Amino acid sequence: MILFVKYDFNKACETLLKEHLDAYDVSYTLGSLGEVRIKGSLSEEQRKSLAGSLKRYGIEILDDQKITLVERIKNAIDDLLKNKELKSVKVSSYLADTLNYSYPHLSSVFSESTYTSIENYIILRKVDFAKELICNTDLTLTEIAFQLNYSSVAHLSGQFKKTTGLTPSSFQRIMKKKMNYTVNPNT
Amino acid sequence: MSTKLLNIALADDDEDDRMLFSEAIEDISIRTKLSLFNHGQELMDYLNLPNVILPNLIFLDLNMPIKNGMQCLKEIRQNPDLKDLCIAIYSTSSSERDIEETFLNGANIYLNKPNNFGKLQDSVERILQLNWQYHTSNLNKDTFLFRI
């Protein structure tokens, strides 16, 4: 004999969550996207036991520590890029030293929650700085490349083109036009 | 793994293009919720609803009946409630003039409709990844231009 069942995934998860949360003496509301707002807080022990009991249903309590760590990594990268004295430091050892975690750990936490790697993020950030310098200063590309620690203008241009789909000079042209355009959109 | 959902909107009058796009976006590791609109006016009506959850990224076809993509772009950029939305133009035109004009009018991304599905998927994935970084990091949105 075969039975066919139809199930509402959301309702199943919600009921499950409720049943388990009711075991703890706390009031809570369920939000969308897997958010559980708890009035007050769970003790470390309660949290652990809740995580344990949910685990066998494939429900995992996400660690906001990871998200905080990602923010700290991003801040450290910003410091590193802005601080001229740190130009010659290796990124991996700088991050490992300032944040006190091994680089492979940082790297995997970062990729897990940002859809990109630390390396790609640094490129994106550097190109963002280059954009800022192109728009707001009179520095030449050579000077910008030097300031952002690129080995050559070609290297900067290549990374710029790869990240934005535009060459630095066409980017500059568009941004200049755009500024005039916004000031006086009728011309 | 992140639990946040990216809200995406696509306005395109071509049914096949809408279908291909939905299929492409479904298989991407970034979790999305896609809303489809048949033309520009339908999109604008939606964006102007009270209490609407605004999309994180809007894909706009340029050639559409009733209200075309360029008109939508201009309207969105002139509306104080909408002007910070991230906008990608999704068009078959590869004319430099069209591309520049959309950037000047405030588009962030210009995506040429690719001629095969694999390419479309790659492009959409790159755009979503990049867009995600702009949402979660302090990158400057005013200089966010990307052509693919």
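Using the structure shown, decide if A:Asn180 is within 11 Å of chain B (Cβ to nearest Cβ) and surrounded by fewer than 13 Cβ atoms within 10 Å (Cβ to Cβ).
Answer is yes for this residue.
If I ask for residues that are farther than 14 Å from A:Leu156 by Cβ and not in a helix (DSSP H, G or I), which ones from segment A:125-142 would you list? Before the answer, list the steps.
As a first pass, look at segment A:125-142 and keep what is farther than 14 Å from A:Leu156 by Cβ: A:135-138.
Listed by number, the residues that qualify are A:Thr137, A:Asp138.
Restricting the first member to segment B:128-148 and to residues that are under 10 Å from A:Asp128 (Cβ atoms), and the second to residues that are at pLDDT 90 or above and of a type in the set (Asp, Glu), the beta-carbon pairs closer than 8 Å and six or more apart or on different chains are B:Leu139/A:Asp128; B:Asn140/A:Asp128; B:Asn140/A:Glu132; B:Thr143/A:Asp128; B:Thr143/A:Glu132.
Screening B:Glu96 on (1) surrounded by 16 or more Cβ atoms within 10 Å (Cβ to Cβ); (2) facing chain A (nearest Cβ under 10 Å) shows it passes everything except condition (1).
Just checking, does segment B:40-49 include any residue being small (Gly, Ala, Ser) and either part of a helix (DSSP H, G or I) or buried (at least 16 other Cβ atoms within 10 Å of the Cβ) (or both)? Yes.
Tell me, please, whether a residue that is farther than 15 Å from A:Asn75 by Cβ, within 14 Å of another protein chain (Cβ to nearest Cβ), touching a Phe, Trp or Tyr at 6+ places or on another chain (Cβ under 6 Å) and outside any helix (DSSP H, G or I) can be found in segment A:152-168. Spell out how you get there, then give the answer.
Step one: filter segment A:152-168 for residues farther than 15 Å from A:Asn75 by Cβ, giving A:152-168.
Now narrow it down to the ones that are within 14 Å of another protein chain (Cβ to nearest Cβ): A:159-168.
From the residues that got through so far, the ones that are touching a Phe, Trp or Tyr at 6+ places or on another chain (Cβ under 6 Å) too are A:164-165, A:168.
Filter again for outside any helix (DSSP H, G or I), leaving A:165.
Yes, segment A:152-168 contains at least one residue that is farther than 15 Å from A:Asn75 by Cβ, within 14 Å of another protein chain (Cβ to nearest Cβ), touching a Phe, Trp or Tyr at 6+ places or on another chain (Cβ under 6 Å) and outside any helix (DSSP H, G or I).
When B:Met44 is tested against (1) in contact with a Cys (Cβ under 9 Å, 6 or more places away or on another chain); (2) closer than 30 Å to A:Thr116 by Cα, just one condition goes unmet, and that condition is (2).
To keep it simple, each residue is scored yes or no on (1) surrounded by 15 or more Cβ atoms within 10 Å (Cβ to Cβ); (2) within 30 Å of A:Tyr150 (Cα to Cα); (3) assigned by TED's automatic domain parsing to the domain that holds A:Lys126.
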site: A:Cys13; (1), (2), (3): yes, no, no
site: A:Lys39; (1), (2), (3): no, no, no
site: A:Arg47; (1), (2), (3): no, no, no
site: A:Gly52; (1), (2), (3): no, no, no
site: A:Arg56; (1), (2), (3): no, no, no
site: A:Asn83; (1), (2), (3): no, yes, no
site: A:Lys87; (1), (2), (3): no, yes, no
site: A:Lys90; (1), (2), (3): no, yes, no
site: A:Leu99; (1), (2), (3): yes, yes, no
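In segment B:110-138, what residues are assigned to a strand (DSSP E or B) and among the hydrophobic types (A, V, I, L, M, F, W, C)? Walk me through it before giving the result.
Step one: list which residues in segment B:110-138 are assigned to a strand (DSSP E or B), which gives B:110-112.
Result: B:Leu111, single match.
In segment B:60-71, is there at least one residue being out of contact with any Gly (no Cβ under 9 Å at 6 or more places or on another chain), surrounded by fewer than 17 Cβ atoms within 10 Å (Cβ to Cβ) and outside any helix (DSSP H, G or I)? The answer is no, given that none of the residues of segment B:60-71 is out of contact with any Gly (no Cβ under 9 Å at 6 or more places or on another chain), surrounded by fewer than 17 Cβ atoms within 10 Å (Cβ to Cβ) and outside any helix (DSSP H, G or I). Suppose we filter B:Asn112, B:Asn116, B:Asn68, B:Asn105 for residues that are within 14 Å of chain A (Cβ to nearest Cβ) and within 22 Å of B:Leu20 (Cβ to Cβ); which single one remains? After ruling out the rest, the residue left standing is B:Asn112. B:Ala107 passes every criterion in (1) assigned to a loop (DSSP other than H, G, I, E, B); (2) over 12 Å from the mean Cα position of the chain (by Cα); (3) modelled with pLDDT of 95 or more apart from (2).
Tally time: how many residues in segment B:97-122 are more than 17 Å from B:Asn56 (Cα to Cα) and without any contact (Cβ under 8 Å) to a residue 60 or more places away in the chain?
So in segment B:97-122, the residues more than 17 Å from B:Asn56 (Cα to Cα) come out as B:97-105, B:112-122.
Then keep just the ones that are without any contact (Cβ under 8 Å) to a residue 60 or more places away in the chain; that gives B:97-105, B:112, B:114-116, B:118-119, B:122.
Within segment B:97-122, residues that are more than 17 Å from B:Asn56 (Cα to Cα) and without any contact (Cβ under 8 Å) to a residue 60 or more places away in the chain number 16.
Within segment A:42-61, residues that are farther than 16 Å from A:Thr15 by Cβ sit with their Cβ atoms under 6 Å from residues that are β-branched (Val, Ile, Thr), at 6+ positions apart or across chains, in these pairs: A:Ala51/A:Ile61.
Annotation note: of A:Ile73, A:Ile61, the sole residue that is part of a helix (DSSP H, G or I) and farther than 24 Å from A:Phe171 by Cβ is A:Ile73. When A:Asp79, A:Asp22 are screened for being over 20 Å from B:Gln133 (Cβ atoms) and either outside the structural domain of A:Lys126 (by TED's automatic domain parsing) or under 26 Å from the mean Cα position of the chain (by Cα) (or both), only A:Asp22 passes. For B:Asn131, are the conditions met, namely being buried (at least 21 other Cβ atoms within 10 Å of the Cβ) and at pLDDT below 95? Criteria met by B:Asn131.
The values are calculated or read from the model by the stated rules, or taken from the named source; none is laboratory data. It should be emphasised that the depicted structure is a prediction, and the values quoted were computed from it without experimental measurement. All Cβ positions, glycine included, derive from the backbone under ideal geometry; neighbour counts span all protein chains shown.
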